[in-house]
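Shown next, in structure tokens, is the structure this report addresses.
The values are calculated or read from the model by the stated rules, or taken from the named source; none is laboratory data. These numbers were taken from a predicted model, which means no experiment stands behind them. Glycine gets a Cβ as well: all are built from the backbone with ideal geometry, and neighbour counts include every protein chain shown. All accessible areas refer to the heavy atoms of the entire protein, side chains included, with ligands and DNA or RNA removed. Shrake-Rupley method; radii C 1.70, N 1.55, O 1.52, S 1.80 Å.
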Amino acid sequence: MNIILLGPPGAGKGTQAHLLVSERGMIQLSTGDMLREAKDSGTEMGKVVADVMARGALVTDEIVIGLIREKLQGDKAGGFIFDGFPRTLAQADALEELLEECGETLDKVVAMEVNDEALVARITARSTCGDCGEVYNDITKPIPADGKCSKCGGTEFKRRADDNEESLKTRLMEYYKKTSMLIGYYHAKKKLAWVNGLGEIAEVHDEIAAVLDA
Ligand code: AMP
């Protein structure tokens, strides 16, 4: 089963994708993670995207489609979770073609409903484990008192460079201008299902599981 998790920055896509990976053996394809890796390892492409990402703008369709194309050629395991991709109609069309080329289909698009105040609160309190990427939140899911990641025991935690109010304004605007129309697009294709992204992590997960198992 191949699915898209669709929602604005801070909706909880990454957190929910991690749960699906560990429970269902699915493969998370996060273009944001791939771009951050390229940036951290200093590749040519990483240098090109660093400034765009820091501002909160979208990198070009060509770059992200190229990243996804590469990953679709690898192991398919329990199916793909597209997290943070597609973000434009051109990317959505490209995804359909790429899946067709490798004999796969898109099964469900899970749209995560949240409100802007919750997004700002979540994002400005967010940190991730430097080793495994587990997501923490100062208020709702603090780093354990012993300073060790509950998933992998790592002791280094990072805050994302673009998790600040200024970049977040741009990221939200990019979402509403360029990504939110994908909701209509996938509704028309009868693939869309809504979940309430404001609940506890486990509640949201249960809602997503119900959608996938329906
Ligand atoms: P994310 O981790 O999904 O919030 O993505 C972080 C940043 O990476 C975004 O603000 C964009 O600059 C860039 N990015 C990630 N995915 C895409 C995409 N599908 N299309 C364009 N830019 C992207």
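Looking at (1) within 16 Å of the ligand (Cβ to nearest atom); (2) open to solvent by 80 Å² or more (accessible area, probe 1.4 Å); (3) in contact (Cβ under 8 Å) with a residue 12 or more places away in the chain, which is the one condition that is false for G133?
So the condition that G133 fails would be (2).
Given the criteria farther than 26 Å from E101 by Cα and free of Cβ contacts under 8 Å to residues at least 12 places away in the same chain, does G14 qualify? Please lay out each step first, then the result.
Numbers: farther than 26 Å from E101 by Cα: yes; free of Cβ contacts under 8 Å to residues at least 12 places away in the same chain: no.
Judged against the criteria, G14 is not a match.
Conditions first: (1) of a type in the set (S, T, N, Q); (2) at pLDDT 95 or above; (3) surrounded by 14 or more Cβ atoms within 10 Å (Cβ to Cβ). T155 passes all but one, so which condition is the exception?
(3)
Name the residue that is nearest to the ligand (Cβ to nearest atom), counting only residues in segment 41-57 that are within 21 Å of N164 (Cα to Cα) and not aliphatic (A, V, I, L, M).
G56
Could you list, ordered by first residue, the pairs with Cβ atoms under 7 Å in which the first is in segment 165-176 and near the ligand (Cβ under 9 Å from one of its atoms) and at pLDDT below 95 and the second is hydrophobic (A, V, I, L, M, F, W, C) and assigned to a helix (DSSP H, G or I), at least 6 apart or interchain?
Note: pairs meeting the criteria are S167/A54.
In segment 188-205, which residues are of a type in the set (G, A, S) and surrounded by 12 or more Cβ atoms within 10 Å (Cβ to Cβ)? Break it down stepwise before answering.
Step one: of segment 188-205, the residues of a type in the set (G, A, S) are 188, 193, 197, 199, 202.
Passing the criteria: A193, G197, G199.
Out of A111, A94, I need the residue that is under 17 Å from the mean Cα position of the chain (by Cα), of a type in the set (G, A, S) and closer than 22 Å to A193 by Cα. Which one? Spell out how you get there, then give the answer.
Values: A94 fails: under 17 Å from the mean Cα position of the chain (by Cα).
Exactly one of A111, A94 is under 17 Å from the mean Cα position of the chain (by Cα), of a type in the set (G, A, S) and closer than 22 Å to A193 by Cα, namely A111.
Here's the yes/no breakdown for (1) assigned to a helix (DSSP H, G or I); (2) out of contact with any Gly (no Cβ under 6 Å at 6 or more places or on another chain):
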| site | (1), (2) |
| --- | --- |
| P9 | no, yes |
| V21 | yes, yes |
| L29 | no, yes |
| A38 | yes, no |
| G42 | no, yes |
| M45 | yes, yes |
| A50 | yes, yes |
| M53 | yes, yes |
| E62 | yes, yes |
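So I123 ticks every box in (1) more than 16 Å from the ligand (Cβ to nearest atom); (2) over 26 Å from E62 (Cβ atoms); (3) in a helix (DSSP H, G or I) but one. Which box is left unticked?
Condition not satisfied by I123: (1).
Would you confirm whether any residue within segment 168-187 is open to solvent by 70 Å² or more (accessible area, probe 1.4 Å), out of contact with any Phe, Trp or Tyr (no Cβ under 6 Å at 6 or more places or on another chain) and more than 21 Å from L58 (Cα to Cα)? Please lay out each step first, then the result.
Quick first cut of segment 168-187, residues open to solvent by 70 Å² or more (accessible area, probe 1.4 Å) only: 169, 173, 176-178, 181, 187.
Within this subset, residues satisfying the condition of being out of contact with any Phe, Trp or Tyr (no Cβ under 6 Å at 6 or more places or on another chain) are 169, 173, 176-178, 181, 187.
Remaining after also requiring more than 21 Å from L58 (Cα to Cα): 187.
Yes: segment 168-187 contains one or more residues that are open to solvent by 70 Å² or more (accessible area, probe 1.4 Å), out of contact with any Phe, Trp or Tyr (no Cβ under 6 Å at 6 or more places or on another chain) and more than 21 Å from L58 (Cα to Cα).
Test D51 against the stated conditions and say whether it is in contact with an Asp or Glu (Cβ under 9 Å, 6 or more places away or on another chain) and open to solvent by 60 Å² or more (accessible area, probe 1.4 Å). Walk me through how you get there before you give the answer.
On the way: in contact with an Asp or Glu (Cβ under 9 Å, 6 or more places away or on another chain): no; open to solvent by 60 Å² or more (accessible area, probe 1.4 Å): yes.
When the stated conditions are applied, D51 does not pass them.
Can you tell me which residue is farthest from the ligand (Cβ to nearest atom) among those in segment 89-120 that are among the polar types (S, T, N, Q) and open to solvent by 20 Å² or more (accessible area, probe 1.4 Å)?
The initial filter retains those residues of segment 89-120 that are among the polar types (S, T, N, Q), namely 91, 105, 115.
After this cut, where a residue has to be open to solvent by 20 Å² or more (accessible area, probe 1.4 Å) as well, the list is 105, 115.
Working: T105: 20, N115: 18 Å.
Top of the filtered list is T105.
If G78 satisfies every condition in (1) touching a residue at least 24 places away in the same chain (Cβ under 8 Å); (2) more than 16 Å from I4 (Cβ to Cβ); (3) away from the ligand (no atom under 13 Å from the Cβ) but one, which is the exception?
Here G78 clears every test but (2).
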